[in-house]
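See below for the structure under consideration.
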Amino acid sequence: MKIIAIGRNYINHAKEMNSPIPTEPVVFMKPDTALLRSNDPFYYPEFSKEIHYEVELVVKINKVGKHIQEKFAHKYYNEIGIGIDFTARDVQRKHKQKGLPWEKAKSFDYSAPIGKFIDKSKFNDLNNIKFSLEINDKIVQAGNTKDMIFNIDNLIAYVSKYFTLKIGDLIYTGTPEGVGEIKIGDKLNAKIENETLLDFEIK
Ligand code: MG
């Protein structure tokens, strides 16, 4: 499987990063070795001194597709979850300055914690889903899919022009504002609509 991740999909996050508002989705990938499952702890890697959390709504693909039309995109996923796109911000900054690719900052081992999934039929409106991240019981990010620049169906249509989507692929749909640093000992708790789906510790 592969992880497709979307950058700068919320205006206020693009602004806090001093990044331009994108006119088409910003896409990058993480390998399957980036997954961190079962609420396992995240061990702070030695190559960075500034790992940031980015809480993101995640879509799980359940059907193979290529060149998917937006109006049919809803047929290609049936579960929604929540994950963290861990980012070595110090490494990313250096690579951005040099115009180099982001992989070492974004796609390292265990950089993609993933929680439990919910059947999408449980939601009245996929374009109005609340989600949040708490660290040590304090809310640090609160987002709503209605604020996405490119919604889930837009993203599936867009990425499937370039990459065949396969069963089990995950799309991390971008983070709202409020990103920041994690510290050893932090406890992260990510929720969709007040239900905790991901809960783990930084070690
Ligand atoms: Mg992200």
Residues in region 100-118 that are among the charged types (D, E, K, R), more than 16 Å from the ligand (Cβ to nearest atom) and over 12 Å from Val58 (Cα atoms): how many? 1
Report every pair of residues separated by at least 6 positions or lying on different chains whose Cβ atoms are under 6 Å apart, first residue within region 175-202 and more than 30 Å from Pro22 (Cα to Cα), second part of a strand (DSSP E or B) and open to solvent by less than 10 Å² (accessible area, probe 1.4 Å). Ile184/Ile202; Asp186/Ile202; Phe200/Leu188; Ile202/Phe42
Looking at this structure, is Lys96 more than 16 Å from the ligand (Cβ to nearest atom) and open to solvent by 40 Å² or more (accessible area, probe 1.4 Å)? no
Number of positions in region 19-70 that are touching a Lys or Arg at 6+ places or on another chain (Cβ under 8 Å), more than 16 Å from the ligand (Cβ to nearest atom) and open to solvent by less than 20 Å² (accessible area, probe 1.4 Å): 1
Consider Thr145 against the criteria (1) under 21 Å from Ile21 (Cα atoms); (2) surrounded by fewer than 19 Cβ atoms within 10 Å (Cβ to Cβ); (3) away from the ligand (no atom under 14 Å from the Cβ): it satisfies all of them except one. Which criterion is unmet? (2)
Out of curiosity, is Ile192 away from the ligand (no atom under 16 Å from the Cβ), among the aliphatic types (A, V, I, L, M), within 13 Å of Val55 (Cα to Cα) and surrounded by fewer than 17 Cβ atoms within 10 Å (Cβ to Cβ)? no
Ile4 vs. criteria within 14 Å of the ligand (Cβ to nearest atom) and buried (at least 20 other Cβ atoms within 10 Å of the Cβ): yes
Tell me which residues, restricted to region 127-139, are crowded, with 17+ Cβ neighbours inside 10 Å and either touching a His at 6+ places or on another chain (Cβ under 9 Å) or of a type in the set (Val, Ile, Thr) (or both). Ile129, Ile135
Does Phe72 satisfy being at pLDDT 95 or above and in a helix (DSSP H, G or I)? yes
Can you name the residue in region 71-93 that is loosely packed, with under 14 Cβ neighbours inside 10 Å and charged (D, E, K, R) and is also farthest from the chain's Cα centre (by Cα) among such residues? Lys71
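The values are calculated or read from the model by the stated rules, or taken from the named source; none is laboratory data. Fair warning: this is a prediction, and the values are worked out from it, not measured in the lab. All Cβ positions, even for glycine, are placed from backbone atoms using ideal geometry, and neighbour counts span all protein chains on display. Please note that ligands, DNA and RNA were not included when accessible areas were found on the heavy atoms of the full protein model with its side chains. Shrake-Rupley method; radii C 1.70, N 1.55, O 1.52, S 1.80 Å.
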